[in-house]
Amino acid sequence: MDLTVLGSGSAMPVPDRAQAGYLLEDGGRSLLVDCGEGVLHRLSDTDPGYEGVSTVLLTHHHLDHVATLLPLVKARWLAGEEHLEVVGPSGTKALVDGLLGVHEYLDGRIDLGIREVSASRSFAAAGFDVAARETRHSMDGLAYRFAPPSADLDPADGPLTLSGDTEAFAGMASFADGSDLLVHDCSFPDGTDVSNHPTPTSLGESLAGVDVDRLLLSHLYPHTGGREREMARSVREAGFDGTVEVASDGLRVDVPTRS
């Protein structure tokens with residue numbers, strides 16, 4: 001399974017970071033997770049392109065995670081694609097209906113399917129098996145753990161976890177335990193007075209003793225600029241003993257599956 005970081009940024013744009021978006025690929029299947037501003041441009045530079053992505057999975061409905069949802073609908077329509085499925089937490093249907101209410105001319109241009117999911121049961125999206133966990137943020141949302149279509153694996157034991165926007169807390173750490181790769185919100189450096197997002201020290205403390213091979217810090221606000229190495233070091237010093245990296249747009253990661 002391959003992960004491409006399309007957008008490692010936040011609600012405050014910087015030139016080299018689009019807002020939240022990730023592309024998962026395995027065996028010819030493609031899944032877009034979140035769809036913030038700038039993600040559609042990044043997606044157009046991948047092998048699947050926006051023509052090859054027919055399912056979008058949303059972590060939550062903040063603007064920096066959904067801003068390019070309707071432009072994706074339009075781009076697929078203009079490219080001659082006929083279908084798009086939008087999957088997300090409770091309220092996803094109301095979100096999409098509201099967007100189409102403003103841009104009525106897009107309603108009916110493609111077959112647009114909406115599906116709401118919860119943490120109560122696993123589900124499939126674009127062939128990937130997915131488990132979900134409720135996050136702690138200023139808006140209800142879900143973190144996801146993925147098993148690739150090519151693996152006969154319970155998604156709760158999948159190799160990849162994406163936190164979405166969330167504070168660092170024990171439940172999230174437990175959800176990610178055993179992952180080969182955890183992509184986690186780490187929006188601000190230490191010393192920032194912030195809620196609803198973790199700082200490196202709070203994230204490292206929450207992950208102390210958790211079995212995660214590789215941690216990728218993402219959803220980065222401008223405040224993190226120039227402090228990326230310091231942030232990675234702070235996560236390790238706080239107790240996390242895996243590999244720590246800072247996400248960048250265009251980063252592609254081959255996510256292995258442990259036997």
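Bear in mind that the values in this text are calculations on the coordinates, not laboratory data. Since this is a predicted model, take the numbers as computed values, not measurements. Note that each Cβ is placed from the backbone with ideal geometry, even for glycine, and that neighbours are counted across all protein chains shown.
Highest mean first, the peptides 157-164, 71-78 sorted by other C-beta atoms within 10 Å per residue fall in the order 157-164, 71-78.
Less than 5 angstrom separates the built amide H of residue 55 from those of 32, 85, all sequence-distant by 5 or more or on a different chain. For the pair region 139-202 / region 19-93, the C-alpha centres are spaced 20 Å from each other. The dipole here belongs to region 2-252: it is taken about the Cα centre, uses +1 on the Cβ of Lys and Arg and -1 on the Cβ of Asp and Glu, and is about 300 debye.
Listed peptides 104-115, 128-139, 42-53 appear in the order 128-139, 42-53, 104-115 once ranked by packing, highest mean of other Cβ atoms within 10 Å at the front. Once the Cα-Cα distance is subtracted from the 0.36 nm per residue extended length, the residue 118 to residue 2 segment shows a gain of 39.3 nm. Among the listed options [x] 0.99; [y] 1.15; [z] 0.95, the one matching Cα Rg over 2.2 N^0.38 Å as calculated from these coordinates is [z]. When the Cα atoms of region 62-146 are aligned to their principal axes, the ranges along those axes come out at 35, 29, 17 Å in descending order. Direction-averaged projected area, Cα convex hull, region 111-158: 4.1 nm², rounded to one decimal. Each 10 Å bin from zero up to the one holding the largest Cα-Cα distance in region 84-236 carries the following percent of pairs: 11, 35, 30, 19, 5, 0. Projecting label points 7 angstrom from Cα along Cα→Cβ for residue 196 and residue 150 puts them 3.9 nm apart. When each of 234, 218 is scored by the number of other beta-carbon atoms lying within 10 Å, the sequence from fewest to most is 234, 218.
Rounded to the nearest 500, the 222 nm mean residue ellipticity of the chain from helices alone is -5500 deg cm²/dmol, with -39,500 (n - 2.57) taken per DSSP H run of at least 4 residues.
For region 238-248, 3J(HN,Hα) computed residue by residue from phi via the Karplus equation (6.51, -1.76, 1.60; θ = phi - 60°) reads 7, x, 7, 10, x, 6, 10, 9, 9, 5, 9 Hz, glycine and proline entered as x. Summary value for the chain: 18 percent relative contact order, contacts being C-alpha pairs under 8 angstrom separated by 6+ residues. Fewest-first ordering of 81, 116, 237 by other beta carbons within 10 Å of each residue's beta carbon gives 237, 116, 81.
If contacts are Cα pairs under 8 angstrom and at least 6 residues apart, what is the relative contact order of region 84-230 in percent?
16 percent
Counting other Cβ atoms within 10 Å as a rough exposure proxy, the listed residues 12, 1 run 12, 1 from fewest neighbours to most.
Peptides 221-229, 170-178, ordered by how many other C-beta atoms sit within 10 Å of their residues on average, highest first, read 170-178, 221-229. Take the Cα of residue 251, step 7 Å toward its Cβ, do the same at residue 214, and the gap between the two points is 0.9 nm.
Putting +1 on Lys and Arg Cβ atoms and -1 on Asp and Glu Cβ atoms, find which of 187, 63, 253 reaches farthest to the positive end of the dipole of the chain. Toward the positive end, the furthest listed residue is 63.
The length gained by stretching the chain between residue 14 and residue 106 to full extension, at 0.36 nm per residue less their Cα-Cα distance, is 30.1 nm.
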